[in-house]
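First comes the structure, then the notes that go with it.
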Amino acid sequence: MTLQRVTTIAKPPRRPAESHKGTFGRVLIVAGSPGMSGAAALAGLGALRGGAGLVYIATPKSLLPIVGAIEPSYLTLPLSDGDDGQLATSALAEIEAAMEGKNACGIGPGLGASPSVQKVVTTLYRTAKLPMLFDADALNCLSKEREILSSPGGPRILTPHPGEFARLIDSDIKTVQANREKLAIEFAAENKVVLVLKGHATVVTDGERVYTNTTGNSGMATGGTGDVLTGLTTALLAQQMPTFEAAQLAVFLHGRAGDLAAEELSEPGLIASDLARFLGKAWLSL
Ligand SMILES: NC(=O)C1=CN([C@@H]2O[C@H](COP(=O)(O)OP(=O)(O)OC[C@H]3O[C@@H](n4cnc5c(N)ncnc54)[C@H](O)[C@@H]3O)[C@@H](O)[C@H]2O)[C@@H](O)CC1
Ligand SMILES: Nc1ncnc2c1ncn2[C@@H]1O[C@H](COP(=O)(O)OP(=O)(O)O)[C@@H](O)[C@H]1O
Ligand SMILES: [Mg+2]
């Protein structure tokens, strides 16, 4: 099969004048654990600024007041948690119920990787029909059960940074960075997923097409920027964009937001929540 190099950015979802919040998709974010409530909030902010009609953050119930207090524009759903504050196994059925009526789900930022989180994440990967994005701790869970990677239950986007990708393919960061495009394409083709290998010049591929991102800067090397990308990409999925196109547009917009933010705030002065705020200007720049 010949590899197609994509250089044009996918068309954003249409915004018809006669529309309402139901038009632009319902996003479910599953994220957070004690000490990482910010990851859930940043993903929620990314989804809101990605144009989603409604954003729901499902998070361990002890975190609900914290996550809810960060931003009033998203909704929160409590999930059963264990003594460690991470998801309990019973959260699986709660997430499955929450998926009803949603258009896409992003899972992973700040979730932790306890055995019960592992069970929840791997079951959803295999069985959920909804388009899903797996990031951060959800990827670490998948790394422990590599045999299921090639059996996704529905459309899937995986968004590892080089450290997470090295765990996924049982390699090391040096090898990953020396062979970014090749390893990303092989992984996507083998598992029939879209792989977003993050970092400078993020690679987006479905195994047949590959896009190398041109936006972004080292100001984005700060905690939480990937969580914003999780929300943004899931919002585009929820607006009916196909997986490759959603990932490509999200990566481009996310980097553009970083560039516009750095113009005003400097690279060192940029923090993850700025990315969400500058997504508005990034949309305007398309
Ligand atoms: N505010 C919050 O609550 C935040 C929570 N976070 C969560 O913290 C948990 C741990 O995630 P981390 O990603 O920090 O930890 P990891 O241990 O998975 O990865 C960090 C390491 O990966 C390597 N790496 C990452 N990007 C690289 C690149 N571009 N090139 C080369 N090496 C690279 C580096 O060795 C780096 O130290 C996750 O659940 C994550 O979602 C983070 O997202 C930060 C913000
Ligand atoms: N030097 C850089 N140039 C461009 N983009 C970068 C750079 N460093 C990080 N990024 C981007 O910032 C995001 C970091 O994501 P991630 O590593 O998951 O962070 P976190 O888990 O802290 O949210 C990715 O989208 C990545 O591509
Ligand atoms: Mg991350």
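Below, the figures for the structure above:
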read-out: Using θ = phi - 60° and Karplus 6.51 cos²θ - 1.76 cosθ + 1.60, couplings along the range 171-176 (whole Hz; Gly, Pro as x); value: 10, 9, 4, 4, 5, 4
read-out: Other-chain or far-sequence residues with amide H under 5 Å of Thr76's (modelled H); value: Ile57
read-out: Principal axes of the chain: Cα extent on each, largest first, Å; value: 45, 43, 39
read-out: Pairwise centroid distance, computed over Cα atoms, of the range 10-59 with the range 224-286, Å; value: 12
read-out: Separation of the Ser171 and Thr123 label points, Cα + 7 Å toward Cβ, nm; value: 3.3
read-out: Other-chain or far-sequence residues with amide H under 5 Å of Arg209's (modelled H); value: Gln4
read-out: More than 22 angstrom apart: percent of Cα pairs within the range 99-179; value: 22
read-out: Length added when fully stretched, Ser151-Thr89, from 0.36 nm per residue minus Cα-Cα; value: 20.2 nm
read-out: Most positive-pole-ward Cα, Ala136, Gly50, Ala97, against dipole of the chain from beta carbon charges; value: Gly50
read-out: Listed peptides 91-103, 156-168 by packing density, highest first (mean Cβ within 10 Å); value: 156-168, 91-103
read-out: Descending Cα extents along the principal axes, the range 31-118, whole Å; value: 34, 26, 18
read-out: For Ala52, residues with placed amide H under 5 Å, excluding near neighbours; value: none
read-out: Dimensions in Å of the range 64-199 - Rg and Dmax from alpha carbons; value: 15.4, 44
read-out: Protection-proxy order for peptides 26-37, 77-88, each taking the mean of Cβ atoms within 10 Å per residue, highest first; value: 26-37, 77-88
read-out: Estimated 222 nm signal from helices in the chain, with DSSP H stretches of n ≥ 4 weighted -39500 (n - 2.57), rounded to 500; value: -13500 deg cm²/dmol
read-out: Positive dipole terminus of the chain, leading residue within Ala113, Ala88, Thr243 (C-beta point charges); value: Thr243
read-out: Sequence-separation-based contact order of the chain, relative, with Cα cut under 8 Å and 6+ spacing, percent; value: 21
read-out: Selection from Val194, Ser19, Ala272 lying farthest towards where the dipole of the chain points positive, charges on Cβ; value: Ser19
read-out: Sequence ranges 60-73, 169-182, 40-53, 133-146, ranked by mean other-Cβ count within 10 angstrom, highest first; value: 40-53, 133-146, 60-73, 169-182
read-out: Lys, Arg +1 and Asp, Glu -1 on Cβ, resulting dipole of the chain about Cα centre, debye, nearest 20; value: 680
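FYI, it's all coordinate maths here, none of it is from the lab. Since the structure is predicted, the reported quantities are computational estimates derived from the model, not experimental observations. Cβ atoms come from the backbone with ideal geometry, glycine included; neighbour counts cover every protein chain shown.
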